Amino acid sequence: MATKKKKELLDDRIVSISKRLQKLRKDAGYTSYENFALEKELPRVQYWRMEKGTNFQFKSLLQILDAHEMTLEEFFKGLK
């Protein structure tokens with residue numbers, strides 16, 4: 001009998017962080033995650049995964065915040 005793998009649900013906190021990353025990119029004038037990643041010299045696929053909430057590494061988050069010239073405090077302000 002074949003078993004189906006249940007799709008792993010994302011933690012609401014990860015979803016909030018992912019949405020914040022996407023909003024920051026769009027607010028900076030980038031409609032494409034690829035263009036943002038390439039211009040800021042970030043690994044394109046890794047950045048995409050972070051916006052989707054499927055790959056979170058703090059080192060990568062810090063690189064993205066550096067690209068936005070933003071502190072951790074500024075980024076996490078208001079996130080629940």
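The values are calculated or read from the model by the stated rules, or taken from the named source; none is laboratory data. Just so we're clear, the structure is a prediction, and the values are computed from it rather than from any experiment. Glycine gets a Cβ as well: all are built from the backbone with ideal geometry, and neighbour counts include every protein chain shown. Ligands, DNA and RNA are stripped out before the accessible areas are found, and what is left, the full protein with its side chains, is counted by its heavy atoms. Shrake-Rupley method; radii C 1.70, N 1.55, O 1.52, S 1.80 Å.
The table for this structure:
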read-out: Violating pairs (Cα-Cα greater than 18 angstrom) within the set Lys23/Lys80; Lys19/Lys80; Lys23/Lys59; Lys26/Lys80; Lys59/Lys80; Lys23/Lys77; value: Lys23/Lys59; Lys26/Lys80; Lys59/Lys80
read-out: Principal-axis tilt of helix 58-67 within the chain, Cα atoms, nearest 10 degrees; value: 30 degrees
read-out: Theoretical gain in end-to-end length, Leu72 to Ser60 [0.36 nm per residue, Cα-Cα removed]; value: 3.1 nm
read-out: Distance in nm between pseudo-label sites at Thr31 and Lys80 (7 Å out along the Cβ direction from Cα); value: 3.3 nm
read-out: The chain, accessible surface, carbon-and-sulfur percent (1.4 angstrom probe); value: 52 percent
read-out: Positive-end extreme of charge dipole, the chain - chosen from Gly53, Ser32, Thr71 (charges on Cβ); value: Gly53
read-out: Per residue accessible area in Å² of the chain, where ligands, DNA and RNA are left out and the probe is 1.4 Å; value: 80 Å²
read-out: Principal-axis tilt of helix 12-27 within the chain, Cα atoms, nearest 10 degrees; value: 40 degrees
read-out: Net charge contributed by nearby residues that have their C-beta within less than 15 Å of Thr71 (K/R +1, D/E -1); value: -2
read-out: Alpha-carbon spread of the chain, three principal axes, descending order, Å; value: 52, 28, 22
